[in-house]
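Asker: Quick one: the structure is below, and I'll ask about it shortly.
Where a number appears in this text, it was derived from the coordinates with a stated rule and is not lab data. Please read these numbers as outputs of a predicted model, since none were measured by experiment. Here the Cβ positions follow ideal geometry from the backbone for every residue, glycine too, while neighbour counts run over all protein chains shown.
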Amino acid sequence: MPDAVSWSLHHLPRTTGALAVVTGANSGIGRETARALAALGYRVIMACRSLDKAEAAAMDIRASVPGAELEIRELDLSDLVSVEAFAGTFGLSEDAQPEPLDLLINNAGLMALPERRETEQGLEMQFGVNVAGHFALTARLLPHLLRAPSARVVWLSSIAHKRGRIHLGDLQSERSYDPWTAYRQSKLADLMLALEMQRRLTDSGADMLSVAAHPGVSSTELTEDMLSGSRIRQVLWTALASVAAMPSWKGALPTLVAATAERTQPADYIGPDGWREMRGWPTRADIAPQAMDRESAARLWTACEEATGLRMLSE
């Protein structure tokens, strides 16, 4: 039976000792991404909120990838203090320079929380985790990424971005909250940040790529919060998943191509090649027009800087 490891070893370049960070590596797309990267020769830092789940995932990966170099570090993207602490675990090299980081995969996320919740800093939870938490993490790790030759950042978006809108006057859904509106906004924001980051990297002359990917419709634990408390939603999702959802290993392939393929270009967006990008093999995906709005992207970038208290690639 095919899996992410065998596919990656056949289609993607190998490395020796390159360092990668994968957020949410304890389950679903993140775990399969970490598994394949380890097989390709990366040293993988599994950045996870639940250390127990991360330990179980690491045992599973080591069982299928002998010699996998894995390290577990705690990261709660809903708390900017935790993001700062995680970044602080990256030390200085012997010449007092930031430790090089070759690859950052902003994978962890929440989907369609039934009720509005807030992060430790008072941000709407989906925006706080999917967008602001990853923005803060990227900003804090940028010196390490810039120290590595041809580093990459991969932002996980979704086909849901095509129906998303950025509500700059109410990013935190304080006036009104709808689970799917908030989710679509967060995934559109991730894609817009990927594109805006590449613009800023190019303007600065940095040898680094910012790209995005989406997994189509895949069977992962991402749906747990969405389905909680509703038997009807659980039945409907089970029916849809049995017909349309890919296994998580196949859903991880667009991320792996975005992260490692030699053909990947600046600001690429990778997703499945099948009907409506719901399933299939990785290829360049369609970007909705609103995601390419440069003025809105710049304003979103500034809003993320204000929400996190961190400036990144800004004059």
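Asker: Computed on alpha carbon atoms, what radius of gyration and Dmax characterise the stretch 1-150, expressed in Å?
Answerer: Looking at the stretch 1-150, its Cα Rg and Dmax stand at 15.7, 49 Å.
Asker: Which helices pass in the chain if a helix is a full DSSP H run, must span at least 15 angstrom along its long axis by Cα, and must have mean Kyte-Doolittle hydropathy not below 0.5?
Answerer: Span-like helices here: 134-147, 231-244.
Asker: Between R163 and D3, what FRET efficiency comes out of the Förster formula 1/(1 + (r/R0)^6) with R0 = 30 Å and r the beta carbon distance, rounded to 0.05?
Answerer: 0.40
Asker: Between E306 and M59, what is 0.36 nm times their sequence separation minus the Cα-Cα distance? Round to one decimal in nm.
Answerer: 85.0 nm
Asker: Semi-axes of the equivalent ellipsoid of the stretch 150-222: what are they in whole Å, largest first, if each equals the square root of 5 times a C-alpha gyration tensor eigenvalue?
Answerer: Three semi-axes, in Å: 26, 17, 8.
Asker: Please state, as a whole number in µm²/s, the translational diffusion coefficient that the Stokes-Einstein equation yields for the stretch 7-95 at 10 °C and 1.306 mPa s, with Rh defined as the Kirkwood radius across alpha carbon pairs.
Answerer: My calculation gives 118 µm²/s for D.
Asker: Give, in nm to one decimal, the length gained when the segment between R200 and Q265 is fully stretched (0.36 nm per residue of separation minus the Cα-Cα distance).
Answerer: So the extension gain works out to 21.9 nm.
Asker: Fewest Cβ neighbours within 10 Å first, please rank L70, L12 accordingly.
Answerer: L12, L70
Asker: About its Cα centre, what dipole magnitude does the stretch 4-308 give when the only charges are +1 on Lys and Arg Cβ and -1 on Asp and Glu Cβ, stated in debye to the nearest 20?
Answerer: 1020
Asker: Set Lys and Arg Cβ to +1 and Asp and Glu Cβ to -1, take the dipole of the chain about its Cα centre, and tell me which of L313, L92, S158 lies farthest positive.
Answerer: Checking the options against the dipole of the chain, the answer is S158.
Asker: Going by how many other Cβ atoms sit within 10 Å of their own, how do Y42, Y177, Y269 line up, fewest first?
Answerer: Y177, Y269, Y42
Asker: Sticking with this one: Could you tell me the relative contact order of the stretch 25-176? Use alpha-carbon pairs under 8 Å, at least six residues apart, and round to a whole percent.
Answerer: Taking the mean separation of contacting Cα pairs over the length of the stretch 25-176, I get 21 percent.
Asker: Separate question: Sort S50, S78, S314, S186 so the one with the fewest other Cβ atoms within 10 Å of its own Cβ comes first.
Answerer: S314, S50, S78, S186
Asker: A follow-up question, please. Provide the FRET efficiency to the nearest 0.05 for the E295-R73 pair, computing r from the beta carbons and using R0 = 51 Å.
Answerer: Efficiency, from the Cβ-Cβ distance: 0.85.
Asker: Same structure again: Multiply the residue separation of S176 and D95 by 0.36 nm, subtract the distance between their alpha-carbon atoms, and state the gained length in nm to one decimal.
Answerer: Full-extension gain reported as 24.0 nm.
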